[in-house]
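Asker: Sharing a structure here in structure tokens format.
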Amino acid sequence: MADASDVFNRVGLTEYETMALEELLSLGRTTAPNLAEASGIPKARVYGVLDSLADRGFIKVVPGRPKEYQPKSPAEILDRAVENRRQSFEGFASDVEEYRDVFLSEYRPRYERASEDISPTAELFHVVDVGDPSERETRRLYDHADETLRVITNSFAYLDSVDRALDDAVERGIDISILFLHPDRLPPEKAAIQAEVVERLDAEFPEIAVRFSTKKLPWRGTLVDPSMDYDRGEAILLVEEPDVPNHMRQAALTDNGSFVAGMKRYFDLVWEYESQPSTQT
């Protein structure tokens with residue numbers, strides 16, 4: 001379980017800034033020398049640390065002789081951290097947008113010349129390592145879904161890493177279905193993980209449809225917004241290689257509309273004819 005103090009690192013505080021803010025939340029309003037004494041921050045550094053925290057809106061500076069420093073409430077600190085990140089992103093996006101025209105005029109012709117000899121088949125897939133990179137791409141697909149999201153999985157053991165994106169998709173009204181491998185075809189330890197995940201889905205995401213494939217699944221992955229007109233859709237997939245450890249595997253990504261439509265047909269056929277709505281046989 002995450003520790004509450006992990007938030008300080010998440011919002012980008014240095015070690016001294018974390019020490020100062022934690023101590024202020026316990027002391028309340030105090031002076032810089034008192035804070036240095038209580039926290040162990042060197043007196044030569046404490047004023048710079050406090051100025052940094054004040055600049056980010058995490059503490060108040062109370063005028064006087066001497067000045068005093070007062071922490072914002074924990075809720076205000078979290079809200080300000082989010083607002084700071086939002087403003088930083090908006091500034092970054094604006095800076096990048098200023099370069100769009102000149103960047104595209106310079107580098108798009110180079111890219112197009114270099115890509116002339118690449119066949120459509122060669123562009124069908126690209127790959128990412130299994131683990132954080134594949135989970136990051138999976139979250140991206142969840143975030144980009146406009147209408148439908150389909151998941152094929154053994155136990156959905158990576159739910160914790162995608163639950164925020166999954167929750168957002170549910171909130172947007174995305175039609176979501178998850179096809180699990182039947183637990184009878186899983187090792188006991190993975191079947192136990194699957195049971196916990198399914199129970200959590202039932203409790204937290206009752207809108208999501210769940211079924212269990214009674215036959216082996218040759219691949220796992222996610223597909224979003226497939227079209228039988230073959231004009232859109234994206235997917236990530238991982239073929240079954242039981243003897244290859246995850247850290248040595250790669251997942252394939254595609255935005256080829258025809259291929260994603262074929263994946264949808266496979267999903268629909270298994271869902272309709274080779275799966276059941278519960279794990280009870």
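The values are calculated or read from the model by the stated rules, or taken from the named source; none is laboratory data. Values in this document were obtained by computation on a predicted structure and should not be read as measured data. Cβ placement follows ideal geometry from the backbone for every residue including glycine, while neighbour counts extend to all protein chains displayed. Only protein heavy atoms, including side chains, enter the accessible area calculation; ligands, DNA and RNA are left aside. Shrake-Rupley method; radii C 1.70, N 1.55, O 1.52, S 1.80 Å.
Asker: Name the residue from ASN84, PRO71, PHE125 whose Cα lies farthest towards the positive end of the charge dipole of region 1-132, charges +1 on Cβ of Lys and Arg and -1 on Cβ of Asp and Glu.
Answerer: Of ASN84, PRO71, PHE125, it is PRO71.
Asker: Okay, moving on. May I ask for the angle, rounded to the nearest 10°, between helix 74-98 and the longest principal axis of the chain, with both axes built from Cα atoms and the value confined to 0 to 90°?
Answerer: 70
Asker: At 7 Å along Cα-to-Cβ for each site, give me the label-to-label distance between ALA203 and SER73 in nm.
Answerer: 2.9
Asker: Considering only DSSP states other than H, G, I, E and B, which trypsin sites (Lys or Arg not before Pro) in region 141-240 qualify as loop sites with at most 14 other Cβ atoms within 10 Å?
Answerer: Filter output for region 141-240: ARG172, LYS215, LYS216.
Asker: Which whole-number percentage describes the relative contact order of the chain, with Cα contacts under 8 Å and a sequence gap of 6 or more?
Answerer: Rounded, it is 15 percent for the chain.
Asker: Turning to a different aspect of this structure: Please give the solvent-accessible surface of GLU23 in Å², to the nearest 10, using a probe radius of 1.4 Å with every protein chain present.
Answerer: That residue has around 50 Å² of solvent-accessible surface.
Asker: Dipole magnitude of region 29-91 about its Cα centre, charges +1 at Lys/Arg Cβ and -1 at Asp/Glu Cβ only, in debye to the nearest 20?
Answerer: About 160 debye.
Asker: What do you get when you divide the Cα radius of gyration of the chain by 2.2 N^0.38 Å, with N the number of residues?
Answerer: Cα-based Rg divided by the globular estimate yields 1.36.
Asker: Oh, and also: To one decimal place, what orientation-averaged projected area in nm² is obtained for the convex hull of the Cα set of region 1-151?
Answerer: 15.6
Asker: Next question, about the same structure. Which is farthest toward the positive dipole end of the chain among PHE58, ILE236, VAL170, measuring Cα position about the Cα centre, with Cβ charges +1 (Lys, Arg) and -1 (Asp, Glu)?
Answerer: The residue sitting farthest along the positive end of the dipole is PHE58.
Asker: Excluding residues fewer than 8 places away in the same chain, name every one of the lysines whose C-alpha is closer than 21 Å to that of LYS215.
Answerer: Within the straight-line cut-off, LYS215 pairs with LYS190, LYS264.
Asker: Across bins of 10 angstrom width beginning at 0, how are the C-alpha pair distances of region 1-61 distributed, in whole percent?
Answerer: Calculated P(r), rounded to whole percents: 23, 58, 18, 2.
Asker: OK, next. Give the lysines whose C-alpha is closer than 24 Å to that of LYS67, dropping any in the same chain fewer than 8 places away, or say none.
Answerer: LYS43
Asker: Over region 89-204, what is the relative contact order in whole percent, taking alpha-carbon pairs under 8 Å and six or more residues apart?
Answerer: 23
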